[in-house]
Structures are given as C-alpha cells and as structure tokens.
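First the structure, in the form of structure tokens, and then the observations on it.
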Amino acid sequence: MSTRTPHRDGHVPRSGVIRGADVPLQPWRNGAGVTRRIATGGSTTAPDWTLSIAEIEAAGDFSRFDGFERTALILGADPVMLTVDGTDHHLVHLDRIHFSGDDEVAGEPTHGTTQILNLMVRRTFGRSDLTLQNVRGSVELSAEGTVAYLVLSGSLRTADDALEPLDTILVGSKAVTVHGTGTVARVHLHPTAASED
C-alpha cells in the first residue's frame, strides 16, 4: 500500500511522501515571487520551521523573517546571485548559504527562472542542518532528528513509492529504506530543551 501523503498547506503530516507536483504555488510574504511550501512544524499560523521551494524568476528582494535562521540550497542549474546585507554571493547548483531572517536579502537569476530550497527555523525553537546524502543501492535514511528528505536527483524508491526529483519523504519515528541511485537533501532539526518540553 502506498504511503503517499496528500499535501495539506500548513502543518506537516507525520510521515509519507509528498509529491513536488502536488504542492501548490503561493505568493511570497512580500508578494515579489512565488513558493511551494512543502511542510511546516509547530503552529500553522506561526510555525517553528518551514521547508519550501522558491521560484526565482527575476531580480527582487526576499521576504524578511525576523527571529528566524535560514538556509538556502540552489536547486536550479543556473547560477544565482544572492546579496545578503550588501555582500554578493554567486551560488551554483547545490551550493548552500546560511543567513539570518533579519538580513536584507535580494536574489537575481543569471539566466532564467531557477529554484531555491529554503529551510527556515525560529531561533527560539532551535537550530537546523541541511545536508546532502548520496544513495547507492539500498540505504537506510535515519529518522533521528530528521523530519524530511527531499529527492534532488536520480531514480529512487521506497518499499511503496517510486520517487522523482523534488518529491519529499516525511520521516516519522522510524528510519526509511530507499533503493536506487540518487541524491537527497536531509532536513535535520535540533530543538532546544525548552521547545522539546
């Protein structure tokens, strides 16, 4: 039986697969672009963390998220110029950059529309890691501290689902075994002791 999870805008389901194609587009907070919000944790109106994919179509300012720490991973093949508090960063495919949600940030694609994976975590909740993991053969994806794995490339499948790039595996209390060859982005959260209570 398939573990595919219908996407619900707001709180993240416990486990399952969210298809990238099923996640609806919605406007950025500042209206300057669009994004696909894959999953959130905590309150649906004031989440502790959010995982989303932003479409970068033209030069423009990013929305501010005061009180959050942000990690961006370049998904598109074309380079992107991010300017963070006046400092330019020329980023290529699978480059990552960390910055504060309080920073003034602008993005500019160098050729055409591209995509950025965004992980935002409220500082009072804790901290996070966004790392890459290669899969060759049969690999157990850890559930310890991990909430999601986003498929970046390759041909992968779980026991129930064939996975495509930009599909997301939401991890519950148990590890997930995947088979095939590809690369995934691991979303690992480290809540503070207070937020775990």
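The values are calculated or read from the model by the stated rules, or taken from the named source; none is laboratory data. On a predicted model such as this, the values are computed, not experimentally measured, just so you know. So basically every Cβ, Gly included, is an ideal-geometry build from the backbone, and we count neighbours across all protein chains shown. Heavy atoms of the whole protein, side chains included, go into the accessibility calculation; ligands, DNA and RNA do not. Shrake-Rupley method; radii C 1.70, N 1.55, O 1.52, S 1.80 Å.
Rank 84, 74, 187 by how far each Cα sits towards the positive end of the charge dipole of the stretch 59-196 (+1 on Lys, Arg Cβ; -1 on Asp, Glu Cβ) and give me just the farthest. Final value for the positive-end residue is 187.
From the C-alpha coordinates alone, can you work out the Kirkwood hydrodynamic radius of the stretch 80-197, in Å? One decimal place: 16.0 Å for the Kirkwood radius. When only alpha carbons are used to place a centre, the stretch 20-60 and the stretch 153-182 end up 22 Å from one another. Between the residues 63, 43, 156, the greatest Cα displacement towards the positive end of the dipole of the chain, with unit charges on the Cβ of Lys, Arg, Asp and Glu, is found for 156. Relative contact order for the stretch 108-197: 40 percent, from Cα pairs under 8 Å spaced at least 6 residues apart, divided by residue count. Average accessible surface for the chain: 48 Å² per residue, computed with a 1.4 Å probe over protein heavy atoms with every protein chain in place. Dipole magnitude for the stretch 136-197: computed about the Cα centre from +1 point charges on Lys and Arg Cβ and -1 point charges on Asp and Glu Cβ, it is near 240 debye.
Rounded to the nearest 20 debye, the dipole size of the stretch 37-127 about its Cα centre is 480 debye, using +1 on the Cβ of Lys and Arg and -1 on the Cβ of Asp and Glu. Element breakdown for the chain at a 1.4 angstrom probe: carbon and sulfur atoms account for 49% of the accessible area. To the nearest 10, the accessible area of residue 62 is 20 Å² with a 1.4 Å probe. Taking the Cα centre of the chain as reference, the dipole from Cβ charges on Lys and Arg (+1) and Asp and Glu (-1) amounts to some 640 debye. Using C-alpha pairs below 8 Å separated by at least 6 residues, the relative contact order for the chain is 21 percent. In the chain, the DSSP-assigned H stretches of four residues or longer account for a calculated mean residue ellipticity at 222 nm of -500 deg cm²/dmol, using -39500 (n - 2.57) per stretch and the full residue count as denominator.
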